[in-house]
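Where a number appears in this text, it was derived from the coordinates with a stated rule and is not lab data. All figures in this text were calculated on a predicted structure; none of them were measured in a lab. Don't worry about glycine lacking a Cβ; one is built from the backbone with ideal geometry, like all the others, and counts go over all protein chains shown.
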Amino acid sequence: MAYLAEYGLFFAKSLTVVLAVIGIVGAVIGIAMRSRQTSPEQINVKRINDRYRDLAEAVELATLNPAQAKQKQKAGKKERKAKAKAEKREPIGTRKRVFVLNFHGDIRASEVTLLREEITAILLGTHDGDEVVIRLESTGGMVHAYGLGASQIMRLRDAGIDVTVAVDKVAASGGYLMACVANRILAAPFAVIGSIGVVAEIPNFNRLLKKHDVDYEQISAGEFKRTITMLGETTDKARAKVKEEVEQTHTLFKDFVKQCRPVVDLDAVATGEHWLGTRARTLNLVDDIRTSDDYLMSLREAADIFEVEYSVKKKVIDRLSGLIGRLRGEPLLQQDAQPITRLS
């Protein structure tokens, strides 16, 4: 009996291990099959009007007694059915559509890769009278990245679409470079606006190398192929060249702002300073003091509001390799050690 009991326990453990392995293999195969069937790239469109309606109903129902709430729910269902029938009878394109995009900028303006796809999707299905609202938050970053972001918004303007940028927290430097393209800029009272300036910065360890008798050699072709570097000695000529490049970039920045918003006084605002929303309004950096929430709520009765989001799903193997790389301490970005010029 003891032998049978031990054998039965061994058999149960073995069976458990086998079933666990089969389950894991099946899960991996299932994930692989789903990843093949579904595209890693997708565009998501959500109707915000429905969200506002649900929020309003939830608050109202919470204030009623059970009998009143039940009666209200029935009335709401009838009202929605009647409204849906009325909308079906409306000719296509008669009701205004508002598309909402969200942009949260980092120093590399990484979300520009998503923004360009969202704008492309809107342009492919645009109607006369459509509006795009961009909820933008950014403290600025690399010149070329934010320049591309501004160019993407310009695509909407060139197509004749009314563009509104709403700044609830900050649109400074590169963020303002993007915002100024809009037909209209809204800002919360204490949002940070402006900072029309350019910065180039890089640490230099040349004196430290000399102190420890370490030689640094760099061979280049072209007088200004390398100017200020992390390890080389900084010369007055190299410093002057970088200063010249920074000034040229600042001039282009100012010219772009003046082109998009001719009402601004560049001498007053292109100093690299930033202002809070109310002061920015007096300087014509923004058009109205208003939050994005307030503006979108004001449109909910007269327009259909859609939030558009483009997303890219990473493959399982890419996620695992990225996680392993972080655990091993591998660098996330490698680039030439040149002065980092950014809108700041």
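Overview of results
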item	result
Amide proton proximity set for Val170, modelled H, under 5 Å, gap of 5+	Ser138, Val192
Amide H within-cut-off set for Val198, under 5 Å, with H built and near neighbours excluded	Ser344
Radius 14 Å from Cβ of Val199, net charge of other residues (Lys, Arg +1; Asp, Glu -1)	-2
Qualifying trypsin sites (Lys or Arg not before Pro) in the range 223-273, DSSP loop, other Cβ atoms within 10 Å at most 13	Lys225
Compactness of the range 138-273, expressed as Rg and Dmax over alpha-carbon positions, Å	19.2, 63
Cα point-scatterer Debye curve for the range 41-89, base-10 log of I(q)/I(0) at q = 0.17, 0.23 Å⁻¹	-0.64, -0.91
Extension gain (nm, one decimal) between Ala82 and Glu301, 0.36 nm per residue minus Cα-Cα	77.3 nm
Table column - 3J(HN,Hα) (Hz), the range 228-240, Karplus curve with 6.51, -1.76, 1.60, x for Gly and Pro	8, 10, 6, 10, x, 6, 8, 9, 4, 5, 5, 4, 5
Taking N as its residue count, the alpha carbon Rg of the range 36-195 over 2.2 N^0.38 Å	1.31
Distant-in-sequence amide H partners of Phe306 (H built 1.01 Å from N, under 5 Å)	Ile48, Val98, Phe99, Val100
Local electrostatic count at Asn44 - Lys and Arg +1, Asp and Glu -1, tallied over other residues with Cβ under 12 Å	-2
When each of Lys46/Lys81; Lys96/Lys169; Lys96/Lys313; Lys225/Lys258 is checked by Cα-Cα distance, pairs over 23 Å	Lys96/Lys169; Lys96/Lys313; Lys225/Lys258
For the range 41-89, with +1 on Lys and Arg beta carbons and -1 on Asp and Glu, the positive-most of Val45, Gln71, Ala56 along the dipole	Gln71
Vicinal HN-Hα couplings computed from phi for the range 64-73 (Karplus, 6.51 cos²θ - 1.76 cosθ + 1.60; Hz; Gly/Pro x)	9, 7, x, 5, 5, 5, 5, 5, 5, 4
Added length on full extension, which subtracts the Cα-Cα distance from 0.36 nm per residue, Glu245 to Ala69	56.7 nm
Net charge dipole size for the range 175-317 [Lys, Arg +1 and Asp, Glu -1 on Cβ; Debye, nearest 20]	340 debye
Sparsely packed GluC sites (Glu not before Pro) within the range 207-302, loop by DSSP, other Cβ within 10 Å at most 15	Glu217, Glu223, Glu233, Glu273, Glu301
Length gained when the stretch Asp162-Glu309 is fully extended (0.36 nm per residue, less Cα-Cα span)	51.0 nm
Distance (nanometres) between label positions extended 7 Å along Cα→Cβ at Phe190 and Ala58	2.6 nm
In nm, spacing of pseudo-spin labels at Ala221 and Thr282 (7 Å Cα→C-beta vector)	5.8 nm
